[in-house]
Amino acid sequence: MEPAVSAHLSAWENFYLITGPSAAALTGLQFVVIALVAEIGAGSALSVSAFGTPTILHFCTVLLVAGILTAPWATLTGPGFLIAASGVAGVVYMVRAIGRARSQSTYTPVLEDWIWYVAVPVAAYLALIVGAALLPGHATLAMFIVGAVVLLLLFLGIRNAWDTVVYIATAARERTASKSAEPAIPAEPANAVAASPESSG
């Protein structure tokens, strides 16, 4: 490993030793969120793919980048290529998520949803591609760009997971309220048929 490469990677080692495991732990919590969605029936397969699965993608991207940049690379070309590929994959997946968000009918996204679930993630993955492209020639700047994207994806995943939990809690409360507001249908007495004129005649 070249001294310059080693210096750049070792300087960020603690950063990725923190963000990587954090993303892994938060991925497990997102599975709990999806289980709650399924339990109360608050989302279809398309809505989960549009709003829940991208959060898993964000956390997994953070974990992947952390793994890439803590490996003992001889040059920065290899990690640059892999991180760029991760960014491209993220953009492609988000384009597919846009289609799913438009196709699903369980929930109608508002402007805030399009910003946090679509615009910000796409911008983050595009920035990841830029940082990866700069990595071999401008390592210091590139490492800060990639590090900023990693933090953005981490906090974006937390924000979107929390938004999903709030939606679940609201949907569950509204369902409970609607059920309690339904008028009770009085049960027909057991001897009503026997006492009716038709039966006696």
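The values are calculated or read from the model by the stated rules, or taken from the named source; none is laboratory data. For clarity, every value in this text was computed on a predicted model and none was experimentally measured. As a convention, Cβ positions derive from the backbone with ideal geometry for all residues, glycine included, and neighbour counts pool all protein chains shown.
So if I check each of VAL88, VAL118, which one is under 30 Å from THR75 (Cα atoms) and either assigned to a helix (DSSP H, G or I) or touching a Gly at 6+ places or on another chain (Cβ under 9 Å) (or both)?
Answer to the check: VAL88.
Could you please give the count of residues in region 144-157 that are surrounded by 14 or more Cβ atoms within 10 Å (Cβ to Cβ) and under 19 Å from TRP114 (Cβ atoms)?
Count: 4.
Only residues in region 7-19 that are without any contact (Cβ under 8 Å) to a residue 60 or more places away in the chain count as the first member; pair them with residues that are of a type in the set (Ser, Thr, Tyr) and surrounded by fewer than 19 Cβ atoms within 10 Å (Cβ to Cβ), Cβ under 8 angstrom, at least 6 apart or cross-chain, and list the lot.
GLU13/THR70; LEU17/THR70
Scan region 34-52 and give yes if some residue there is out of contact with any Leu (no Cβ under 9 Å at 6 or more places or on another chain), of a type in the set (Val, Ile, Thr), at pLDDT 70 or above and farther than 25 Å from LEU69 by Cα, otherwise no.
Within region 34-52, the first condition is being out of contact with any Leu (no Cβ under 9 Å at 6 or more places or on another chain), and the residues that meet it are 34-41, 43-52.
Going one step further and asking which of them are of a type in the set (Val, Ile, Thr), we end up with 34, 37, 40, 48.
Pick out the ones that are also at pLDDT 70 or above and you get 34.
Subsequent filtering for residues that are farther than 25 Å from LEU69 by Cα retains 34.
Taking every residue of region 34-52 in turn, at least one turns out to be out of contact with any Leu (no Cβ under 9 Å at 6 or more places or on another chain), of a type in the set (Val, Ile, Thr), at pLDDT 70 or above and farther than 25 Å from LEU69 by Cα.
Quick one: TRP73 ticks every box in (1) in contact with a helix residue (DSSP H, G or I) (Cβ under 7 Å, 6 or more places away or on another chain); (2) over 15 Å from VAL118 (Cα atoms); (3) in a helix (DSSP H, G or I) bar one, so which box is it?
(3)
Do we find a residue being among the aliphatic types (A, V, I, L, M), surrounded by 16 or more Cβ atoms within 10 Å (Cβ to Cβ) and in contact with a Leu (Cβ under 7 Å, 6 or more places away or on another chain) anywhere in region 127-134?
Within region 127-134, one or more residues are among the aliphatic types (A, V, I, L, M), surrounded by 16 or more Cβ atoms within 10 Å (Cβ to Cβ) and in contact with a Leu (Cβ under 7 Å, 6 or more places away or on another chain).
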